[in-house]
Amino acid sequence: MYLSMQKNFRTFTVLAFIVTFTMFLFSFTLRDPSLYFFKYAIRKSDSFFSNGQCGCRECMTELDDDPWFTERFNLSVPPLMSRRNSLLTDDTYHWWQRLQGQKDPANFREVVEKLFQVIPDDDDLYKDAGPERCRTCAVVGNSGNLKGSRYGPLIDSSDVIIRMNMAPTSGFEEDVGSRTTHHVMYPESAIDLDNTTSLLLIPFKTLDLQWITSALTTGSINETYVPVRSRIKANKNRVLIYSPTFFKYVYDTWLERHGQYPSTGFLSLLFAVHICDKVNVYGFGADRYGNWHHYWQKNYHGGEFRKTGVHDADHEHNVTMLLADKHKINIFKGF
Ligand code: C5P
């Protein structure tokens, strides 16, 4: 009895020593203060090896960051529009107005003021980066390569789940998941949302800002350059506006002006890169047979993203791949 107790005690001491030594080694090898390590290590499995820039194992920004990434990544450009940052430079305003060539746009300032009387004006949203935060994000594009992927549970386990345009979840849960925290759209691609999802509008023209104001209130606008939905089901208190300044920054800096303007997918991806600590990307690119259709379409030749003519899909793909090579995003290729 005494011998067995002694043996147990010895085993316990050896184990305790190994655990303490390993923890010491990790906190010593990693560059952040060891206090962060002990404080945040057990919060999430992903944060176990946190390097202190954020609470995750790998963070969007690292101390010895890649020069290609650092040259481009500019946290001082806010991704979302607020009253305070809504004033556009002449250059940005003219570039933005030319995207869809709206004739005789209404007064931009007045339109913005009316908009923020309907939706919240929060200047601090997502600006909480730091050693305590490990925000994991799933950016879900609409590619047919999601079909049969069974990524659903993985996507649903993220903190932030970004979907776009017409993307349905109902009937596709196994492959694409069922949760959506952010749904990115523009008037011509709008769908109804549930009460918990943030509608993230990408405005391409002043009329789009008027449209969202109207679609959430009077329903008076039913046409842009094509007929659009006059009303939309969405939680007014969760509506967000993609900043035209950020839009131009993505085009100039990340796409180096390839194509006429970035795709919804690429704009969503860069939004995630700026507000998340860890970004997983699903549903981008062709399926394994080279088809570029949507995951809900049976017809392989419908709505092919690559042939829209306005986006440089190849260049977007190359930049996305570079982000993955630099360990800034993880790409899930699908099937
Ligand atoms: O077709 P749609 O624009 O609605 O798709 C949303 C985004 O998903 C695209 O902007 C593109 O970035 C991505 N996508 C893709 N490959 C496809 C279909 C969509 O990369 N086959």
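The values are calculated or read from the model by the stated rules, or taken from the named source; none is laboratory data. Note that the structure is a prediction, hence the values are computed from the model and not measured. Please note: Cβ atoms are built from the backbone with ideal geometry, for glycine as well, and neighbour counts cover all protein chains shown. SASA here: full protein model, heavy atoms, side chains in, ligands and nucleic acids out. Shrake-Rupley method; radii C 1.70, N 1.55, O 1.52, S 1.80 Å.
Specify which of the listed residues (Ser178, Ser158) is polar (S, T, N, Q), open to solvent by less than 30 Å² (accessible area, probe 1.4 Å) and away from the ligand (no atom under 16 Å from the Cβ).
Sole residue among the options that is polar (S, T, N, Q), open to solvent by less than 30 Å² (accessible area, probe 1.4 Å) and away from the ligand (no atom under 16 Å from the Cβ): Ser158.
As an exercise: evaluate Asn107 against (1) of a type in the set (S, T, N, Q); (2) over 21 Å from His274 (Cβ atoms); (3) open to solvent by less than 40 Å² (accessible area, probe 1.4 Å) and give the number of the one condition it does not meet.
(3)
If I filter the stretch 276-298 down to residues being touching a Gly at 6+ places or on another chain (Cβ under 8 Å) and not in a loop (DSSP other than H, G, I, E, B), which single residue comes out as most open to solvent (accessible area, probe 1.4 Å)?
Per the stated criteria, the residue is His294.
If the requirement is being within 14 Å of the ligand (Cβ to nearest atom) and of a type in the set (Phe, Trp, Tyr), which of these qualifies: Tyr282, Tyr249, Tyr225?
Of the residues listed, the single one that is within 14 Å of the ligand (Cβ to nearest atom) and of a type in the set (Phe, Trp, Tyr) is Tyr282.
State the number of residues belonging to the stretch 50-104 that are open to solvent by 50 Å² or more (accessible area, probe 1.4 Å), within 18 Å of Leu207 (Cα to Cα) and of a type in the set (A, V, I, L, M).
The number of residues fulfilling the criteria is 1.
Being at pLDDT 95 or above, within 16 Å of the ligand (Cβ to nearest atom) and open to solvent by 10 Å² or more (accessible area, probe 1.4 Å), is that true of even one residue in the stretch 123-141?
There is no residue in the stretch 123-141 that is at pLDDT 95 or above, within 16 Å of the ligand (Cβ to nearest atom) and open to solvent by 10 Å² or more (accessible area, probe 1.4 Å).
Out of (1) within 14 Å of the ligand (Cβ to nearest atom); (2) touching a Ser or Thr at 6+ places or on another chain (Cβ under 9 Å); (3) among the hydroxyl-bearing types (Ser, Thr, Tyr), the odd one out for Ser268 is which?
The single condition Ser268 does not satisfy is (2).
Report, ordered by the first and then the second residue, all pairs with beta carbons closer than 9 Å, sequence separation of six or more or different chains, a first member in the stretch 314-335 that is on the phi > 0 side of the Ramachandran plot, and a second member that is part of a loop (DSSP other than H, G, I, E, B) and exposed (fewer than 14 other Cβ atoms within 10 Å of the Cβ).
Listed pairs, sorted by first residue: Gly334/Arg288.
Would you say Val273 is part of a helix (DSSP H, G or I), among the aliphatic types (A, V, I, L, M) and without any contact (Cβ under 8 Å) to a residue 40 or more places away in the chain?
no
Out of the residues in the stretch 228-246 that are hydroxyl-bearing (Ser, Thr, Tyr) and open to solvent by less than 20 Å² (accessible area, probe 1.4 Å), state the one that is nearest to the ligand (Cβ to nearest atom).
Ranking the candidates gives Tyr242 first.
If you take the residues of the stretch 295-312 that are among the charged types (D, E, K, R) and within 8 Å of the ligand (Cβ to nearest atom), which of them is modelled with the lowest pLDDT?
Once the filter is applied, the top-ranked residue is Glu304.
How many residues, within the stretch 188-223, are of a type in the set (S, T, N, Q), open to solvent by less than 40 Å² (accessible area, probe 1.4 Å) and closer than 16 Å to Trp96 by Cβ?
Looking only at that region, the number is 1.
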